[in-house]
Number of protein chains: 4
Amino acid sequence: MSYARQMLDTYRRALDADAGTVAAAIDAMNDCAQACIADTDADLGEQNVTEMVRCIRLCLDCADVCTATAGVTSRLAGYDADVTLPLLHACVSICKSCGEECERHARMHEHCRVCAEACRRCEQACRELLDALQISG
Amino acid sequence: MSYARQMLDTYRRALDADAGTVAAAIDAMNDCAQACIADTDADLGEQNVTEMVRCIRLCLDCADVCTATAGVTSRLAGYDADVTLPLLHACVSICKSCGEECERHARMHEHCRVCAEACRRCEQACRELLDALQISG
Amino acid sequence: MSYARQMLDTYRRALDADAGTVAAAIDAMNDCAQACIADTDADLGEQNVTEMVRCIRLCLDCADVCTATAGVTSRLAGYDADVTLPLLHACVSICKSCGEECERHARMHEHCRVCAEACRRCEQACRELLDALQISG
Amino acid sequence: MSYARQMLDTYRRALDADAGTVAAAIDAMNDCAQACIADTDADLGEQNVTEMVRCIRLCLDCADVCTATAGVTSRLAGYDADVTLPLLHACVSICKSCGEECERHARMHEHCRVCAEACRRCEQACRELLDALQISG
């Protein structure tokens with residue numbers, strides 16, 4: 001069981017979604033941030049780095065947005081829809097763009113295939129959290 | 001002249017807003033993140049820390065959102081409205097909430113008065129950047 | 001297999017330690033950062049928040065240091081002992097202090113017990129990476 | 001007066017260095033992180049991006065280390081020499097390396113000249129804070 005889930009299970013929160021959905025989203029954001037940071041470095045090591053520029057930029061944005069969204073989502077005690085919902089929308093958008101760009105390089109670069117998978121999982125987990133929060137909101 | 005502005009003046013970007021507005025927003029986000037990080041620590045040092053809990057939580061969220069938004073805004077070369085606009089909306093919302101909470105403690109704690117000012121400036125600078133991006137978009 | 005490990009397995013690096021040791025350290029740092037972020041929020045929700053101030057401060061420092069160290073360690077392609085070694089030493093120190101403080105609250109607060117475990121694991125993983133890098137260096 | 005300095009002037013801390021030296025270091029770290037984030041994006045936009053790979057990697061490390069060190073330094077209330085001193089040493093090392101690499105590109109790329117300046121100032125400010133902390137420690 002992830003630390004995000006273990007922590008969520010140990011304290012009371014004014015949580016607007018079940019702990020499993022929240023923990024899955026936090027884990028997916030942290031995984032995606034890590035994959036994007038590593039993919040940036042791997043892209044920079046490729047001979048065709050010129051063709052990887054868009055991928056690198058998207059990975060940098062994706063890591064920043066995932067990290068901030070994971071932080072805010074981990075503090076759901078003070079949940080504010082006007083902050084969390086647009087953040088989750090931004091996270092879905094960047095994970096989608098970054099995942100699609102990584103996918104384009106997946107056959108040539110295995111690291112982009114792995115990163116594309118992390119982005120897609122994060123996009124999906126954020127959509128599920130958004131659905132849960134909007135139904136309960 | 002801030003480093004954000006100096007950097008923006010040195011390279012070509014597919015920028016959808018004038019460099020002054022973008023640099024002012026980046027500077028205000030970085031200032032606000034710094035004020036929130038310091039205010040969190042100052043709040044933790046107060047005797048009435050129990051009454052500062054909401055302020056601390058908002059400052060932590062505000063610092064995370066400002067930092068990520070400053071990063072993404074600094075990479076406007078790959079500007080994507082579906083990412084930047086919701087991020088800026090999230091930044092406006094958290095700066096407004098955090099600024100209002102800090103203002104409530106401003107008479108008792110000078111550090112909250114300073115932080116409230118940084119939040120209000122950041123909220124205003126993000127609104128101006130949003131206006132500029134939406135007009136040009 | 002973690003994304004950190006999957007990514008490390010997909011590209012060539014001038015790596016001074018085996019991929020398992022590096023990936024374990026990166027995973028432990030990301031887990032520890034997440035546990036510390038969540039523990040900060042949980043601490044703020046406790047009735048005895050006044051007694052949790054030191055724990056909160058250490059968790060905030062620990063999250064910052066773990067995040068930066070995970071980032072730099074993920075970019076080992078450009079490994080520089082003068083940067084990575086002191087960072088890992090700082091990470092060991094803060095994980096040790098934060099883990100000990102969390103341990104003090106572990107009987108009263110389950111979230112602190114979980115966070116203490118994450119800190120200890122990260123301290124240990126950083127020590128193992130330090131050993132590997134210093135032997136090879 | 002910067003927000004870092006304003007905040008430091010508003011609350012009591014167990015500070016081991018004068019507020020001017022601490023605030024100057026925090027400001028220089030935040031400026032350097034911002035310059036490095038922007039320089040990364042500018043480097044990615046250059047035609048000779050292949051020759052900028054080392055510069056990009058150093059800028060990414062430098063931004064991470066400066067951000068974490070600024071955070072920990074802003075929480076000097078819980079000052080711990082075993083954490084802050086190695087962090088400051090890591091910050092000096094990466095600012096030195098990053099500044100030297102940026103300097104190599106300064107004649108061709110104005111953005112690297114600006115970033116080199118931010119790195120050198122941060123290196124110097126960190127050295128001064130280290131001196132102050134070690135004398136008092």
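Throughout, read-outs are computed from the coordinates displayed, never taken from laboratory work. Keep in mind it's a predicted model, so treat the numbers as computed, not measured. Virtual Cβ from ideal backbone geometry, glycine too; neighbours counted across all protein chains shown.
Only Cα pairs under 8 Å and 6+ residues apart enter the sum, and on that basis the relative contact order of chain C stands at 31 percent.
Sorted shortest first, the distances from the B:Ala106 label point to those of the same residue in the other copies are 4.2, 4.5, 5.2 nm; each point sits 7 Å from Cα along Cα-to-Cβ. For C:Lys96, the lysines whose Cα comes closer than 30 Å to its Cα, not counting residues fewer than 8 places off in the same chain, are D:Lys96. Among chain D residues, the one whose Cβ is nearest the axis of the rotation from D to B, given with its distance rounded to whole Å, is D:Asn30, 3. Of the trypsin sites (Lys or Arg not before Pro) in region D:90-137, the ones in a loop by DSSP (not H, G, I, E or B) with at most 13 other beta carbons within 10 Å are D:Arg107. Given a 10 angstrom Cα cut-off, can you work out which residue in A:Asp41, A:Asp61, A:Asp82 is the most mobile in a GNM of chain A? Of the options given, A:Asp82 has the highest mean-square fluctuation. Ordered by the count of other Cβ atoms within 10 Å of each Cβ, fewest first, D:Val65, D:Val72, D:Val53 give D:Val53, D:Val72, D:Val65. Ordering B:Cys55, B:Cys62, D:Cys102 by the number of other Cβ atoms within 10 Å of each residue's own Cβ, fewest first, gives B:Cys55, D:Cys102, B:Cys62. Scanning residues 5 or more positions from B:Gly45 or on other chains, none has an amide H under 5 Å from its amide H, with H placed 1.01 Å from N in the peptide plane. With its label point defined 7 Å out from Cα along the Cα-to-Cβ axis, C:Thr21 lies at 3.7, 4.4, 5.3 nm from the matching points of the other copies, in increasing order. Peptide A:41-52 is shielded by partner chain Cβ atoms: per residue, an average of 5 of them sit within 10 Å of its Cβ.
Using every pair of distinct Cα positions in chain B, the Kirkwood expression returns a hydrodynamic radius of 15.1 angstrom. Relative to one another, the C-alpha centroids of region C:34-105 and region A:1-62 are positioned 19 Å apart.
Among A:Thr21, A:Thr84, the order by Cβ neighbours within 10 angstrom, fewest to most, reads A:Thr21, A:Thr84. Using alpha carbons only, the radius of gyration of region D:5-54 set against its Kirkwood radius gives Rg/Rh = 1.29. Among the trypsin sites (Lys or Arg not before Pro) in region A:1-92, those placed in a DSSP loop whose Cβ has at most 15 other Cβ atoms within 10 Å are A:Arg12.
Remark: label point of B:Gln47 defined 7 Å out from Cα along the Cα-Cβ vector; separations to the same position in other copies 2.3, 6.8, 7.1 nm, ascending. Estimated from helical segments only, the mean residue ellipticity of chain A at 222 nm is -27000 deg cm²/dmol, where each DSSP H run of four or more residues counts as -39500 (n - 2.57).
The mean number of partner chain beta-carbon atoms within 10 angstrom of a residue's beta-carbon across peptide D:88-101 is 4.
Could you identify which residue out of C:Asp31, C:Asp64, C:Asp18 has the top mean-square fluctuation in a GNM of chain C using Cα springs shorter than 10 Å? Comparing C:Asp31, C:Asp64, C:Asp18 in a Gaussian network model of chain C, the most mobile one is C:Asp18.
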